[in-house]
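Quick notes on the structure that follows.
The values are calculated or read from the model by the stated rules, or taken from the named source; none is laboratory data. It should be emphasised that the depicted structure is a prediction, and the values quoted were computed from it without experimental measurement. Note that each Cβ is placed from the backbone with ideal geometry, even for glycine, and that neighbours are counted across all protein chains shown. With ligands, DNA and RNA removed, areas are computed over all heavy atoms of the protein, side chains included. Shrake-Rupley method; radii C 1.70, N 1.55, O 1.52, S 1.80 Å.
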Amino acid sequence: MSMLRAIFSHPSGRIGGTIVLLYIVVALLGMSGITPHNPLQQFRIDRLHAPSALYWMGTDLFGRDVASRLMNGIGQSFLVAFCSVAIATFAGTVLGLTAAWFGKAWDGLVMRIMDVLLAFPAILLALLIIAVVGPGTWTSVAAIAIVYTPIFTRVVRGPALSIKAREFVDAARTFGSSRRYILTRHLLLNLVAPLTVQVTLALAWSLLTEAGLSFLGLGTQPPASSLGLMLADSRNLMENAPWMLIFPAVAIMISILGFNLLGDALRDILDPKTRRSAP
């Protein structure tokens with residue numbers, strides 16, 4: 001509760017936290033099927049219907065309700081983003097901690113692999129993985145997780161090397177504490193702050209990456225909806241039905257803004273060196 005109070009007392013945290021909470025609620029409603037209309041139902045007589053009281057955000061080329069598809073698409077995009085970041089966080093944390101702890105050959109091997117992965121632009125590496133495995137929602141999850149694992153590995157390894165050399169870690173070894181206890185109790189707990197900030201920022205990046213993959217037809221596949229797929233459907237209809245482009249584009253922009261603002265607030269709250277006094 002104290003963390004929530006700190007977030008909502010911070011200017012950026014108040015705005016970002018509110019945006020993220022609203023998106024999570026919309027995503028849960030969309031994934032639960034609680035939408036104004038069935039997102040897959042086609043009302044052919046109402047094709048390309050402009051926004052109205054019946055269709056809040058209009059309809060698409062097949063007469064499907066854009067608002068319902070947007071809610072479902074937010075849920076789908078958030079599912080991919082949260083799952084991929086969760087996998088990347090776990091894998092990167094394990095690799096970073098073990099590389100810092102064992103050092104030598106294992107550290108060199110892990111970090112050289114991470115360097116190779118970081119040499120590729122994120123979207124190109126994701127495209128390469130999907131080209132090998134094939135398109136799909138869970139393929140996107142795996143690809144995005146692999147893309148962002150090196151970032152978490154570096155975020156964990158650097159501070160872990162510094163903490164490993166501290167006196168309290170030497171004292172824990174002297175008193176016979178197990179390796180698992182030291183890694184989790186002393187190293188991992190002291191990395192919660194940078195990891196929390198990195199997770200928040202990675203969620204914004206993964207949402208953008210998922211939208212890009214879906215826009216290219218390599219992410220979520222029709223007839224399911226995602227924000228990127230909705231943008232792809234609107235490419236040839238921007239003049240006749242601009243609402244098909246505007247609503248998913250604004251949804252992507254605001255969601256990324258929300259996570260970035262929340263990440264900035266968490267950085268200020270958790271890191272005293274960069275903490276700014278709230279007005």
Worksheet entry | For segment 160-249: accessible area per residue (Å², 1.4 Å) | 51
Worksheet entry | Overall Cα dimensions of the chain - principal axes, largest extent first, Å | 77, 50, 28
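Rounded to a whole number, what is D in µm²/s for segment 118-164 from Stokes-Einstein with the Kirkwood radius over alpha-carbon pairs (4 °C, 1.567 mPa s)?
Working: Rh = 11.7 Å.
This corresponds to a translational diffusion coefficient of 111 µm²/s.
Among residues other than GLN221 whose Cβ falls under 14 Å from its Cβ, what is the net charge (Lys/Arg +1, Asp/Glu -1)?
Values: positive: none; negative: GLU210, ASP233.
Net charge in that neighbourhood comes out at -2.
Add -39500 (n - 2.57) for each DSSP H run of 4 or more in the chain, then divide by its residues: what number comes out at 222 nm, to the nearest 500 deg cm²/dmol?
Working: 10 runs with 189 residues, N = 279.
That calculation yields -23000 deg cm²/dmol at 222 nm.
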Worksheet item: Mind checking the angle between helix 122-133 and the chain's longest principal axis? C-alpha axes, 0 to 90 degrees, to the nearest 10.
Response: 80
Worksheet entry | P(r) tail fraction, segment 53-134 - alpha-carbon pairs more than 20 Å apart, % | 59
Worksheet entry | Degrees separating the helix 11-32 axis from the principal Cα axis of the chain, which is the longest one | 60
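Taking a quarter of the surface of the Cα convex hull of segment 1-98, what do you get in nm²?
Numbers: hull surface 37.1 nm².
Seen from a random direction, the Cα hull of segment 1-98 projects 9.3 nm² on average.
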Discussion item. Looking at the chain, identify the longest residue range that excludes and avoids all trypsin sites (Lys or Arg not before Pro) in DSSP loops having at most 14 other Cβ atoms within 10 Å.
Written reply: 48-165
Worksheet item: For segment 89-137, what log10 I(q)/I(0) values come out of the Debye formula at q = 0.18, 0.24 1/Å, with one point per alpha carbon and no solvent?
Response: -0.69, -0.89
Worksheet item: Considering the dipole of the chain built from charges on the beta carbon (Lys and Arg +1, Asp and Glu -1) around the Cα centre, which of PHE78, VAL155, LEU261 is farthest to its positive end?
Response: VAL155
Fill in: Nearest-20 debye value, the chain charge dipole, Cβ charges on Lys, Arg, Asp, Glu
900
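Using the heavy atoms of the protein chains alone and a 1.4 angstrom probe, what is the accessible area of segment 1-124 per residue in square angstrom? Each step should come with its number before you reach the end.
On the way: 6430 Å² over 124 residues.
Accessible surface, normalised per residue, equals 52 Å².
If you take the square roots of the eigenvalues of the alpha-carbon gyration tensor of segment 183-278 and sort them as a ≥ b ≥ c, do you get rounded (a/c under 1.5), prolate (a/b over b/c) or oblate?
oblate
Within the chain, what whole-number % of the accessible surface is contributed by carbon and sulfur, with the 1.4 Å probe and all protein chains included in the calculation? Display every interim value, and only then the final one.
Details: 9580 of 14030 Å².
After summing per-atom areas, the C and S share lands at 68 percent.
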Worksheet item: HN-Hα J couplings of segment 262-270 from phi, Karplus 6.51/-1.76/1.60, θ = phi - 60°, integer Hz, Gly and Pro as x?
Response: 5, x, 4, 5, 5, 4, 5, 6, 8
Worksheet item: Each residue of segment 100-107 in turn: what ³J(HN,Hα) in whole Hz from Karplus with 6.51, -1.76, 1.60 and θ = phi - 60°, glycine and Pro shown as x?
Response: 5, 6, 7, x, 6, 5, 5, 4
Worksheet entry | Per-peptide average of other Cβ atoms within 10 Å, ordering 52-60, 72-80 highest first | 72-80, 52-60
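Find, to one decimal place in angstroms, the Kirkwood hydrodynamic radius of segment 105-213, where the mean of 1/r is taken over every pair of different Cα atoms and then inverted. Don't skip to the end; give the middle numbers.
Working: mean 1/r = 0.0632 Å⁻¹.
With all distinct Cα pairs of segment 105-213 included, I get 15.8 Å.
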